[in-house]
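Everything below concerns the one structure shown next.
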Amino acid sequence: MRVLFPLSLAIPSLLYSQTAPQTPAPAPAQTGSAAAGGFVGSNACKTCHADIWLNFYKNPHFKSIASGKEPPDKTGCEGCHGPAQQHVQAGGGKQTIPRAFSLMQPRQALETCLGCHARDFTRANIRRSEHTLNDVACTSCHSIHHSPTPKYLLAKKQSELCYSCHATERAQFSMPSKHRVNEGTVQCTDCHNPHGSFEATWKMAQRPHLVDQALNSEQPCLKCHTDKRGPFVFEHPSVRVEGCATCHSPHGSMNAKLLRRPVVFQICLECHNGAAPFGTRPSLGTGVDLQSSKHNLLDPRYQKCTTCHVALHGSNSDQFFLR
């Protein structure tokens, strides 16, 4: 049986449903410490900054939100930009953001990032790195919200980013003999640490710039050229002490095998020229060996030292690095 309600009861209820004010959904309650500090949560930011929020889940910094364990001053947008209550109440504006990176000095931006990243061993020397000393801030190389690269939140492709300042190295990587950085086989960070490196243990007179160390404080060249690592019974002092850059141009060269000079014996003569301590006779054991009389360097046969001295980087069988 169909039950009929009186029309006098149905109409008032319908009018009330149409005219009654809609109560907004309650906002998430803030904890006492968060509210006192002016923290409103990252959800308040997505209303105006939807273009950033929609892709923020791909950002490594999103883990501060996903974990749900970080304090308000280390979570999401406010973890970097500071409490947003004043910014929200003012309806926007850079001046109301406690930490607006576009308005900050390089040193301020660095200290803000180190609030979380100071624990990373690879950034331990960033305060005294040459980039920091020349006012190159984190935001000069990194784009936190709109990075086009899949790793490290770089503002550009890594090689192009480095080339924007290092024009000389860009030219060297276009030379006939080079490391294949432009082709993508090698990257700058394979050899360099842009955040600062520890003091090198080779080439003491002039330390390389931002060169990252390999195993046991070795040169980064040995990461790839493992056959030159050793240890050897007979070591070539120029390789072990002065380093690979004594003979090779690491970025690029007009000569084969990245050599600094077009002919091999010209490089050898930079050291093997009879130099010896003052007051001593140039001979074996008192300085760098002098060429013997049978080595007539005007003869093309002797102008390529590596024809006989094949193990120049070190040998386990011969002190003169012969076969």
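The values are calculated or read from the model by the stated rules, or taken from the named source; none is laboratory data. All values derive from a computational prediction rather than experimental measurement. Virtual Cβ from ideal backbone geometry, glycine too; neighbours counted across all protein chains shown. The protein model used for the area step is the full one, side chains on, heavy atoms only, and it has no ligands, DNA or RNA in it. Shrake-Rupley method; radii C 1.70, N 1.55, O 1.52, S 1.80 Å.
Laid out as a table, the results:
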{"item": "Solvent exposure, largest accessible area first (probe 1.4 Å, DNA, RNA and ligands not counted), of I52, I126", "result": "I52, I126"}
{"item": "Peptides 90-98, 160-168 ordered by average Cβ neighbours within 10 Å, highest first", "result": "160-168, 90-98"}
{"item": "Of K178/K223; K74/K157; K156/K178; K69/K94; K178/K203, pairs whose Cα-Cα distance is over 26 Å", "result": "K74/K157; K69/K94"}
{"item": "In sequence order, calculated HN-Hα J values of the range 82-92 (Karplus, 6.51, -1.76, 1.60; Hz; x Gly/Pro)", "result": "x, x, 9, 4, 5, 5, 5, 5, 7, x, x"}
{"item": "Amide H partners (placed H, <5 Å) of K203, local residues excluded", "result": "E242, G243"}
{"item": "Accessible surface, per residue, of the range 153-244 when the full set of protein chains is kept, probe 1.4 Å, Å²", "result": "60"}
{"item": "Under the Karplus curve 6.51 cos²θ - 1.76 cosθ + 1.60, θ = phi - 60°, whole-Hz ³J(HN,Hα) for the range 51-63, x wherever Gly or Pro sits", "result": "5, 7, 5, 4, 10, 5, 5, 7, 7, x, 6, 5, 5"}
{"item": "Segment E130-Q89, extension gain: residue separation times 0.36 nm, minus the distance between their alpha carbons", "result": "10.7 nm"}
{"item": "Potential lengthening between C116 and D227 on full extension [0.36 nm per residue; Cα-Cα distance subtracted]", "result": "36.0 nm"}
{"item": "Table column - 3J(HN,Hα) (Hz), the range 223-240, Karplus curve with 6.51, -1.76, 1.60, x for Gly and Pro", "result": "5, 9, 8, 5, 5, 8, 5, x, x, 10, 5, 10, 9, 8, x, 5, 7, 6"}
{"item": "Amide H contacts of A84 (H built 1.01 Å from N, under 5 Å, at least 5 apart or other chain)", "result": "V40, G41"}
